[in-house]
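The structure's right below; bear with me while I get my questions together.
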Amino acid sequence: MDLIFSRKHLMAVLWAALFVVLFSANLAAQSGDSELEARAALESFLEAWNTADNDAIRDTLNYPHITHGPLRFFVANEPAQFETDFDVLRQQGWASSRFDTITPRQSSPEKVNFEVEYSRLNAAGDVISRGYVFYVVTRQDGHWGMQYRVPGQLQADSIDEPLVAVQREAIAMVDRFFVAFNSADNAALLEVNHVPQVMLSAGQYILAEDVGSPIVSMNFERMRERENWHSSELGDLEIVHVTPTQVIVELSFERFDPNGFHYLTGPAVWVLSKRNGKWGVEFRSLMSPTRHGI
């Protein structure tokens, strides 16, 4: 009887392992296809941008569309609300833009993050300025479109000490976030969150306009009831881009039940901003999570 049980148990483990391998391979293939489609959508956005035709640009976006400016969000809930003043750009000497480098970051079947270095050109084709943008491209009802962008500054291969200090401050703030989260302490969470704040998650757009909004004031009891959550831990963390007042990080968070079982890993991108001398999370985009266990 023990031998029969052992064989059955072994077969179950083998089939489960095979399922995980096949599922992972399929997900990787989907992510690869997603990167190609998302990049094509980004290229279509640039092509439309160079026509200076707002109607053409609107067709390349997904909504609500978020432009993360230095001081606030500009949200276009529908196409008619997106507008770029190309006359101002022309007065600055702009005639067209080009992407110099496009670097895919996190990828999933529904969302891809890109780092882009770009140049602005005058009518003679000379470069008049260069810059950096972090894009989130999403799929909505089969349509790939750029849904989020945050501009930054081009950076050298090595950063100076003031920016190293900024990195340390940002990492410390992320650590404080997880301490507050695991304490189920919404008051402490508000110390590391900015309002307003935007989240893109599982095809949902969530805008936190006040301190009582769900993404900055968590219902921890509901989490415990819904998924038997007990705690979360910070997994991988990589600083993608840094300026004196803004840091873009890609990370993963891991969720555990009361027995210590690691049941979920969620990749994400966070944008941390410094407002009135205080660091806080201002934008979060969650990728498709991996659920563990059978």
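The values are calculated or read from the model by the stated rules, or taken from the named source; none is laboratory data. All of these numbers come straight from a predicted model, not from anything done at the bench. Neighbour counts are summed over all protein chains in view; Cβ atoms, including those assigned to glycine, are modelled from backbone coordinates with ideal geometry. When the accessible area is computed, the model is the full protein with side chains, heavy atoms only, and any ligands, DNA or RNA have been set aside. Shrake-Rupley method; radii C 1.70, N 1.55, O 1.52, S 1.80 Å.
Could you quote the convex hull projected area for the chain, Cα atoms only and averaged over all directions, in nm²? Before the final figure, lay out the partial values.
Values: hull surface 75.4 nm².
It is 18.8 nm².
Please give the FRET efficiency for F86 paired with A40, using the beta carbon to beta carbon distance and R0 = 41 Å, rounded to the nearest 0.05. Before the final figure, lay out the partial values.
Numbers: r = 24 Å, r/R0 = 0.57.
Plugging the Cβ-Cβ distance into 1/(1 + (r/R0)^6) gives 0.95.
Please give the length that would be gained between T103 and T67 if that part of the chain were fully extended, namely 0.36 nm times their separation in residues minus their C-alpha to C-alpha distance (nm, one decimal).
11.0 nm
Once Rh is set to the Kirkwood radius over Cα pairs, what Stokes-Einstein translational diffusion coefficient, in µm²/s, holds for region 62-151 at a temperature of 4 °C and a viscosity of 1.567 mPa s? Write down the numbers at each step before the final one.
Values: Rh = 14.5 Å.
Reported coefficient: 90 µm²/s.
A further question follows. With every protein chain present, what is the per residue accessible area of the chain (1.4 Å probe, Å²)? All intermediate terms of the calculation are to be shown ahead of the outcome.
On the way: 15690 Å² over 294 residues.
Spelled out: the 1.4 Å probe surface of the chain, per residue, equals 53 Å².
Counting only other residues whose beta carbon sits under 14 Å from that of S129, what net charge do I get with K and R as +1, D and E as -1?
Numbers: positive: R90, R98, R120, R130; negative: D100, E117, D126.
Surrounding charge for S129 is +1.
Once you put a point 7 Å from the Cα of I171 and another 7 Å from the Cα of E78, both along the Cβ direction, what distance in nm separates them?
4.7 nm
Now, a different point. Find how much the distance from Q155 to T51 grows on full extension, using 0.36 nm per residue of separation minus their present alpha carbon separation; answer in nm with one decimal. Provide the component values of the computation, followed by the final result.
Values: separation 104, 0.36 × 104 = 37.44 nm, distance 2.88 nm.
Going from the current span to full extension adds 34.6 nm.
Additional query: What is the Cα centroid distance between region 129-172 and region 222-248, reported in whole angstrom?
Here the answer is 17 Å between Cα centres.
Still on this structure: Work from the charge dipole of the chain (Cβ charges, +1 for Lys and Arg, -1 for Asp and Glu, about the Cα centre) and give the residue of A123, S285, F178 farthest towards its positive end.
F178
If each residue of separation counts as 0.36 nm, what is the full-extension length gain between V179 and Q140 once their alpha-carbon separation is subtracted?
Values: separation 39, 0.36 × 39 = 14.04 nm, distance 3.43 nm.
Full-extension gain reported as 10.6 nm.
Tell me, what are the semi-axes, in whole angstrom and largest first, of the equivalent ellipsoid of region 157-259 as set by the roots of 5 times the Cα gyration tensor eigenvalues? Intermediate results must be reported in sequence, preceding the final value.
On the way: eigenvalues 140, 55, 35 Å².
Taking √(5λ) for each eigenvalue gives 26, 17, 13 Å, largest first.
If you don't mind, another one. Round to the nearest 0.05 the FRET efficiency obtained for A95 and T245 when R0 = 41 Å and r is the Cβ-Cβ distance. Walk me through the intermediate numbers first.
Numbers: r = 31 Å, r/R0 = 0.74.
Efficiency computed from Cβ-Cβ geometry: 0.85.
Then there's this: Within 10 Å of each candidate Cβ there may be at most 13 other Cβ atoms; applying that plus a DSSP loop requirement, which chymotrypsin sites (Phe, Trp or Tyr not before Pro) in region 210-290 survive? The partial results should precede the final answer.
On the way: sites: F220, W229, F253, F256, F261, Y263, W270, W279, F283; in loops: W229, F261.
The qualifying sites are F261.
Next question. Could you work out how far apart the two model spin labels at E110 and L237 are, taking each label as a point 7 Å from the Cα in the direction of the beta carbon, and quote it in nm?
2.7 nm
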